[in-house]
Amino acid sequence: MRYFIQFVICLHLICSMKFVDYGPVFVQEPDDIIFPTDSDEKKVALNCEARGNPVPNYRWLRNGTELDLESDYRYSLIEGNLIINNPSEAKDAGHYQCLTANSLGSILSREAILQFAYLGNFSGRTRSAVSVREGQGVVLMCSPPPHSPEIIYSWVFNEFPSFVAEDSRRFISQETGNLYISKVQTSDVGSYICLVKNTVTNARVLSPPTPLTLRNDGVMGEYEPKIEVHFPFMVTAAKGMTVKMECFALGNPVPTISWMKVNGYIPSKARLRKSQGVLEIPNVQLDDAGIYECRAENSRGRNSFRGQLQVYNYPHWVEKLNDTHLDSGSPLRWECKATGKPRPTYRWLKNGVPLLAQSRVEMVNGVLMIHNVNQSDAGMYQCLAENKYGSIYASAELKVLASAPVFALNQLKKTIIITKGQEVLIECKPQGSPKPTISWKKGDKAVRESKRSDVSILPDGSLRILNASKPDEGKYICRGENVFGSAEILASVFVKEPTRIELTPKKIELTVGESIVLNCKAIHDASLDVSFYWTLKGQPIDFEKERGHFESIRQASSADLMIRNILLMHAGRYGCRVQTTADSVSDEADLLVRGPPGPPGIVIVEEITDSTATLSWSPAADNHSPISSYNLQARSPFSLGWQTVKTVPEIITGDMESAMAVDLNPWVEYEFRVVATNPIGTGDPSTPSRMIRTNEAVPKTAPANVSGRSGRRHELVIAWEPVSEEFQNGEGFGYIVAFRPNGTRGWKEKMVTSSDASKFIYRDESVPPLTPFEVKVGVYNNKGDGPFSNIVVICSAEGEPSAAPTDVKATSLSVSEILVAWKHIKESLGRPQGFEVGYWKDMEQEEAAETVKTGGNESSIILTGLEGNTLYHLTVRAYNGAGYGPPSSEVRAATKKSPPSQAPSNIMWEQQGSQVSLGWEPVRPLANESEVVGYKVFYRQEGHSNSQVIETEKTQAVVLLPDVGVYIIEVRAFSEGGDGTASSQIRVPSYSGKHCYGQFKYANSQNSIYYSSF
């Protein structure tokens, strides 16, 4: 029975871990609400939400009294939210609190104020006129109607919406609503209406008008200021609010208002409004408090008023409560701390009800102490911190524990296997309240502690056995006991021989690409299972990920680690760990891997000239094979990737850390890197150096391929290949073009400033065509002049052709082709490079002409792609590099009419052996088609693309089929406009050289074939 009870308790603990009960905790508490009485909503919602297990229920209090939600139909509760239908100020205004509870306790929410917004009407009673002397001050009373909450005041002059503008002479107090005029003028005479606006509902109402008139008994003389509007003697404001203090005076002349802070300075954030009649301090802080003074002053005197600004602070938590679980009989001490101004006082609630001091319960300055807690003390507690400006609540749950000892299921029975000499630690940690006392037995005998014994009971109840041996084997029982009951656990201890390990070889040196086998052997107790684990540099080897390099080969009491195709990354300390249920032993072996060097360190450009760069670097890792040499490489925008550069010294040995790159091009941006080599191979390159530009120098490369080009008459056109930017050697690069007539001495030079230029044109009206010149092209930059190219002889331009082609003829060839032919006068200045034919339709302008060019000395061309039966106009002109010559006289030619669109029909054919006789009906052309000249019979062997053609003027023909196979035959009519539409195809088998019976067949034009005997 005892064990059944323990099982039930254990099951309860497991379930409670999954579904922990806890008291209510607020998720949302009610907020203050201002409800407009004229709202269309007609209901108020006060929100309250809490979480807890079991799920909490809700009640509501108004002004400290619980609401009877059942007795008033206007109340409804939706989850935790209180809904009030048709609310009224008389019944519902007040302070509301939400009380939520479950089986573990209750908590009370903060207070939420429900107030109603409204604005009544002014009294309809006619207001008396106010009569004053000119220059006298006056106060017009507003006397606002009943309202809630605050209202905003303004005044209308004579009629709406002509509002009174406030200035140094006129002031509207937002405290009293009155209009103050410090010195009345004749322009002030009129009717004044006070307008008030509710800040919540935005409702507005107007007062009856107050007439202002001037008396006839003289003008008011000057008098000293009289302060009519001032802030209270004591102004209180919450920290963070905006404070507005008013001050205005009557007087003649109009007084000026000034402000000061006694024994201090007005905050820099403060602003003066309404002609200094209002001092506004935003985001007021505690250090803004003090005595403020406003002064009103004119030429007749001065008056002042002083008042004190006090800044208060709502309570704010510094230290809250935490849920607490205590054993029965333990003491409880809770402390809550809050700041605020005035300093907050504290009250305590238990389950929503004030907690009273008792013999065991003490409450002092936010500290709650309960001595010797018991189950009656469990529940929900709240600390309430409050000053006269507000209050805040902090909640926590107290759980009092009282239970018999119980062990977790996985502790009830355990087996411990160790090896000789090891330490055994058997934990005994029952759960119970009060805390259980612990006792141990081995078999039937109690375990006693002794100074000489290796067996001891630790303070937490665990049993420790040092230097275990065979006599320590046996069954150990731990018993936990308190006033509510007891529980036991059983632990069986077995002592085995220790495991030993042998790992070979211990130290290995290999080269990248080689392989090795490490053998790990275990000598262990035969009754124990053994497992092997391999590590590299302290991390487990992932055999799946490293399958290409590592393989574990397991045998009965040993394991081999096969390492294939070794890489540098495989170097390090390898560990073999042998694990049994009793112990774990390990051993290590060191593997050294030789390989190509690593990348050298950062490459630094120490010095740069126009053709050299002195570089330094930090040594590369030699990977256990000495570095024999370094290689310097460079890359520029003009190179194909990285290129090895010449260096000084020519061979950079492995012990060097600097060298000079030579034969670099001036004014080129380079990056440099270094590669190390050792007897095993060449390693990865270093990180590239920063990009750096070599210094400028005089250019050394002259332009290549200097030659002449075609140009206009009197022009000498000189061309060359531009020098690549790689060889320009500096900024300000350009060309010097030098030329002189052949046989003369002096050179004429012209500067070409564009580095991309490839041509220069020299024009001189006195230069005859084809005059030979000696020409050379040089280079320069900001550093100076470079070399010239070799001298070449170039002739000046010959000029454009001067004569038009003659004897131009145009002949129509077909529906889309016209042949154009011409002659050219060889004595024309300017040799033609070719001819251009222009052509356009009869109804078009010459400007719309299309053109076709010929090359060389051709004297004819066939125009293709023309429209049929169309008249074309044509001209011909010669051209060369200098331009175009004059056009020839215009000629005309018309393309042929289109060929017949009707295909030959009713084709009949007769075959005898390889001979086929054909016949068909004649084709009749349409009116816009050319006349039929004859017919063409096309035949080809099936599978071939080239057809043979027989022409005839008749509507019959004989075709000889030369080879064995199937032939495809079709017939077309042709005219001067070209070939017409093809007939339907005929498929004819050929039996060349063999006798066959004749056949007669008939095909119509729709490709349908009909057979008949003959």
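So what's the net charge close to ARG133: Lys and Arg +1, Asp and Glu -1, counting the other residues with Cβ under 10 Å from its Cβ? Intermediate values should be presented prior to the final figure.
Numbers: positive: ARG215; negative: GLU134, ASP217.
Here the count lands on -1.
The local environment of HIS371, defined by Cβ-Cβ distances under 14 Å, has a net charge of -1 under the rule Lys, Arg +1 and Asp, Glu -1. Taking a sphere under 10 Å around the Cβ of HIS714 and counting the other residues whose Cβ falls inside, with K and R at +1 and D and E at -1, yields a net charge of 0. Any lysines with Cα under 16 Å of the LYS783 Cα? List them, leaving off those in the same chain fewer than 8 positions away. Here the lysines satisfying the reach criterion relative to LYS783 are LYS700. Averaging the sequence gap over all C-alpha pairs within less than 8 Å and six or more residues apart, then dividing by the number of residues, gives the range 320-401 a relative contact order of 41 percent.
Packing, taken as the mean count of other beta carbons within 10 Å per residue, orders the peptides 866-878, 119-131, 554-566 from highest to lowest as 866-878, 554-566, 119-131. To check you understand DSSP bridge types, tell me what percent of the beta bridges within the range 411-517 (both residues inside) are antiparallel, rounded to 5. So the antiparallel bridges in the range 411-517 amount to around 75 percent.
Past 30 Å, Cα to Cα: identify those pairs from LYS759/LYS853; LYS853/LYS896; LYS414/LYS435; LYS442/LYS521; LYS43/LYS337; LYS442/LYS496, in the order given.
Working: LYS759/LYS853 26 Å; LYS853/LYS896 24 Å; LYS414/LYS435 23 Å; LYS442/LYS521 37 Å; LYS43/LYS337 39 Å; LYS442/LYS496 19 Å.
The answer is LYS442/LYS521; LYS43/LYS337.
Listed by chain and number, the aspartates and glutamates placed with their C-alpha closer than 20 angstrom to that of LYS399 are ASP21, ASP323, ASP327, GLU335, GLU362, ASP377; residues fewer than eight positions away on the same chain are left out. For SER625 and ALA556, FRET efficiency with R0 = 41 Å and r from the beta-carbon atoms, rounded to 0.05? My answer for the efficiency is 0.55.
Note down the magnitude of the dipole of the chain about its Cα centre, charges +1 on Lys and Arg C-beta and -1 on Asp and Glu C-beta and zero elsewhere, to the nearest 20 debye. Present the calculation step by step, with values, prior to reporting the outcome.
Values: 104 positive and 114 negative charges, 612 e Å.
About 2940 debye.
Go ahead and collect, in residue order, the members of the range 61-97 whose backbone nitrogen is under 17 Å from a label point 7 Å along the Cα-Cβ direction of GLN28. Only 76-84, 97 pass the distance filter.
Note on percent of Cα pairs over 37 Å apart: of the candidates [x] 81; [y] 66; [z] 61, the value calculated from this structure sits at [x]. In a reduced charge model with +1 at each Lys and Arg Cβ and -1 at each Asp and Glu Cβ, the range 500-594 shows a dipole moment near 220 debye about its Cα centre.
Rounded to the nearest 500, what is the chain's calculated 222 nm mean residue ellipticity when only DSSP H runs of at least 4 contribute -39500 (n - 2.57) each, over all residues? It would help to have the intermediate numbers written out before the result.
Numbers: 2 runs with 21 residues, N = 1014.
The helix-only estimate for the chain comes to -500 deg cm²/dmol at 222 nm.
Centre-to-centre, using Cα atoms only, the range 499-528 and the range 359-375 are separated by 68 Å. Look at the alpha carbon pairs under 8 Å that are at least 6 residues apart: their mean separation over the length of the range 23-117 gives a relative contact order of 40 percent.
On a 29 Å Cα-Cα criterion, which of the cross-link pairs LYS420/LYS445; LYS897/LYS954; LYS897/LYS936; LYS441/LYS470; LYS823/LYS936; LYS91/LYS239 come out too long?
Listed pairs above 29 Å: LYS823/LYS936; LYS91/LYS239.
Using a cutoff of 8 angstrom between alpha carbon atoms and counting only pairs six or more residues apart, the relative contact order for the range 757-815 works out to 32 percent. Using R0 = 51 Å, the C-beta based FRET efficiency linking VAL55 and ASP684 works out to 0.15.
The angle between the Cα long axis of helix 2-18 and the main principal axis of the chain comes to about 60°, on a 0 to 90 degree scale.
Each value in this text was obtained by applying a stated rule to the coordinates, not by laboratory testing. Here the structure is a predicted model, which means the values were calculated and not measured. Every residue, glycine among them, receives a Cβ derived from its backbone with ideal geometry; neighbour counts consider all protein chains shown.
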